[in-house]
Amino acid sequence: MPIHIVLPSAPVTKKNSPRVMPMISMKGIKALIAELARATSHKDCVKILMRSISISVQPSENYIEWFDRQYLMRASLHSQLAAAGVRLPIMEPVAIKALIYREALRGDWTGYVDAIGDAIQADVWQCQECKKKTITLANCPHCGASIARMRQARRGLGIIADDKQIVHWDGSRLLKDSQRPRIELTIETLRATPQASLFANEQEEVIA
Ligand SMILES: [Zn+2]
């Protein structure tokens, strides 16, 4: 049976003004200054900069704010679904129909489905000993390290294990409701096909 959930407020796309952060170590900065001092042209300087600095693209602050609001719903969503007999997170392939009621006619389709797919994934914990990841907070299932050695590597609503499970978004629409922006999700669990059966294996294998 498909499950229905309603998330308050339409998503903010992750790409909307993403924060671009230059990443460089202190040692890197010292080497960079020395190299720039030796450069003889503007072109040389640009080349040196491009080589020395890597760029990290973080989701927009608006997205994080939006996600934090959805995260407040997590406990009530989980108890509502548990009462309906749904075991979370769903591990099988899923089909999702998303009715996205926006406050105004803005944003792009891929940005919205990206943001929703991302938000409904499970928390991910990374073991500080073996570096492997799992979606269950417990002693490391790989190396047996204590639960205290697990660090949170991803936060999510925990409806599905990973967005790789999403097979299609058929029936989804970008709509508008300025009075009550929201996302109505209908999630249908599909039978695992041979191609999708990798999702049915160990939970950890689903995680990128
Ligand atoms: Zn481990």
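Nothing in this text is a laboratory measurement; each read-out follows from the coordinates by a stated rule. What you see is a predicted model; the values in this text were computed from it and never measured. Glycine also receives a Cβ, built like all others from the backbone with ideal geometry; neighbour counts cover every protein chain displayed.
What is the distance in Å between the Cα centroid of segment 164-178 and that of segment 102-139? A separation of 17 Å, based on Cα centres.
Between Asp44 and Ala148, how high is the FRET efficiency from 1/(1 + (r/R0)^6) when r is the Cβ-Cβ distance and R₀ = 45 Å? Nearest 0.05. Before the final figure, lay out the partial values.
Working: r = 50 Å, r/R0 = 1.11.
According to the calculation, E is roughly 0.35.
Between Met23 and Ala104, how high is the FRET efficiency from 1/(1 + (r/R0)^6) when r is the Cβ-Cβ distance and R₀ = 41 Å? Nearest 0.05. Walk me through the intermediate numbers first.
Numbers: r = 35 Å, r/R0 = 0.85.
The formula returns an efficiency of 0.70 here.
Assuming charge only on the beta carbon of Lys and Arg (+1) and of Asp and Glu (-1), the dipole of the chain about its Cα centre is about 720 debye to the nearest 20.
Comparing Val46, Val86, Val94 in a Gaussian network model of the chain, where Cα atoms under 10 Å apart are tied by springs, the biggest mean-square fluctuation is seen for Val46. Can you find, among Val6, Ala82, Ala31, the residue farthest towards the positive end of the dipole of segment 1-124? Put +1 on the C-beta of Lys and Arg, -1 on that of Asp and Glu. My answer, from the dipole projection, is Ala31.
Using a 10 angstrom cutoff on alpha carbons, build the Gaussian network for the chain and name the most mobile of Met91, Met73, Met21. Looking only at Met91, Met73, Met21, the largest GNM fluctuation is found for Met21. In the chain, helical runs assigned H by DSSP with n ≥ 4 each contribute -39500 (n - 2.57); averaged across all residues and rounded to the nearest 500, the mean residue ellipticity at 222 nm is -8000 deg cm²/dmol.
Fully extending the segment from Lys131 to Ile55, taken as 0.36 nm per residue of separation minus the present Cα-Cα distance, adds 25.0 nm.
Which entries of Lys27/Lys131; Lys30/Lys132; Lys133/Lys164 show an alpha-carbon separation above 23 angstrom in the structure shown?
Numbers: Lys27/Lys131 26 Å; Lys30/Lys132 34 Å; Lys133/Lys164 16 Å.
Result: Lys27/Lys131; Lys30/Lys132 exceed 23 Å.
Amide H contacts for Ala153 (H built 1.01 Å from N in the peptide plane; partners 5 or more residues away or on another chain; cut-off under 5 Å): Val124, Trp125, Gln126.
Just to be sure I understand: with springs between alpha-carbon atoms less than 10 Å apart, which residue in Lys164, Lys132, Lys97 has the highest mean-square fluctuation in the Gaussian network model of the chain? Looking only at Lys164, Lys132, Lys97, the biggest GNM fluctuation is shown by Lys132.
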